[in-house]
Amino acid sequence: MTRQVWKLAAIVAIGVGALGGGLLLALPTTWPETSWPVATAASHEARAMRAARSDPPDLAVARMETRHVLRQRPLDAGAWARLAWIADQDGDVPAMLEALDRSYIAAPYGPEITEWRLVFVFNRWDVLTPELRRQALSELRVTRTTRSRLVDRVPDQVGNPAGRLALALTITD
């Protein structure tokens, strides 16, 4: 074989390998309910979200899949926030506070989870630690300067009287 044929064969082999590898990584995200040889954080995320959104939520599966996500992405603020929600649903306030704190450590100002997290924390204002309150107020103030429309939507979603008062005092100052 000539040198050009070898080069062409090498290019084709690399292309086929790249295509196969891409499919291997993409399919678990596309069909998360199917068992695949590669378990990506995205496929665990999809299964966790499906379990959390089911009616009623499957908290055990959501927790397990979220922990798989955190093994691969330990600074995933959304996964930590989901663990906080799961703990809250279970009535486990200390676990909820711990997971919420880790969510703030991972991403103090969101941005992807800001609205959800602000609604969540202000609806649980009376059980938050002083440090979590400080972090939530800081996120609220920063978000107010960068995405004021988002902050405008939060009060309508908060039913906790203490949280509504904290919001009113912070938004008006």
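The values are calculated or read from the model by the stated rules, or taken from the named source; none is laboratory data. None of these values were measured; they are calculated from a predicted model. For neighbour counting, all protein chains shown are included, and Cβ atoms are generated from backbone atoms with ideal geometry for every residue, glycine included. Heavy atoms of the whole protein, side chains included, go into the accessibility calculation; ligands, DNA and RNA do not. Shrake-Rupley method; radii C 1.70, N 1.55, O 1.52, S 1.80 Å.
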**Complete:** Scanning the range 102-129 residue by residue, those farther than 20 Å from Gly159 by Cα and open to solvent by 20 Å² or more (accessible area, probe 1.4 Å) turn out to be Arg102, Ile105, Ala106, Pro108, Tyr109, Pro111, Glu112
**Message:** Test of understanding: among Thr170, Thr114, which residue is over 20 Å from the mean Cα position of the chain (by Cα) and hydroxyl-bearing (Ser, Thr, Tyr)?
**Reply:** Thr170
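Grab the helices (runs of 4 or more DSSP H) fully contained in the range 90-173, keeping just those with 1 or more residues being at pLDDT 95 or above and within 23 Å of Leu59 (Cβ to Cβ).
Because the criterion is at least 1 residues that are at pLDDT 95 or above and within 23 Å of Leu59 (Cβ to Cβ), the helices (runs of 4 or more DSSP H) in the range 90-173 that meet it are 93-106, 114-122, 130-146.
Hey, among Pro74, Pro57, which residue is more than 25 Å from Gln135 (Cβ to Cβ), modelled with pLDDT under 95 and in a loop (DSSP other than H, G, I, E, B)?
The unique qualifying residue is Pro57.
Yes or no, residue by residue, for (1) open to solvent by 30 Å² or more (accessible area, probe 1.4 Å); (2) over 17 Å from Thr40 (Cα atoms); (3) among the hydroxyl-bearing types (Ser, Thr, Tyr):
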| position | (1), (2), (3) |
| --- | --- |
| Arg67 | yes, no, no |
| Arg73 | yes, no, no |
| Ala81 | no, yes, no |
| Asp88 | yes, yes, no |
| Gly91 | yes, yes, no |
| Ala99 | no, yes, no |
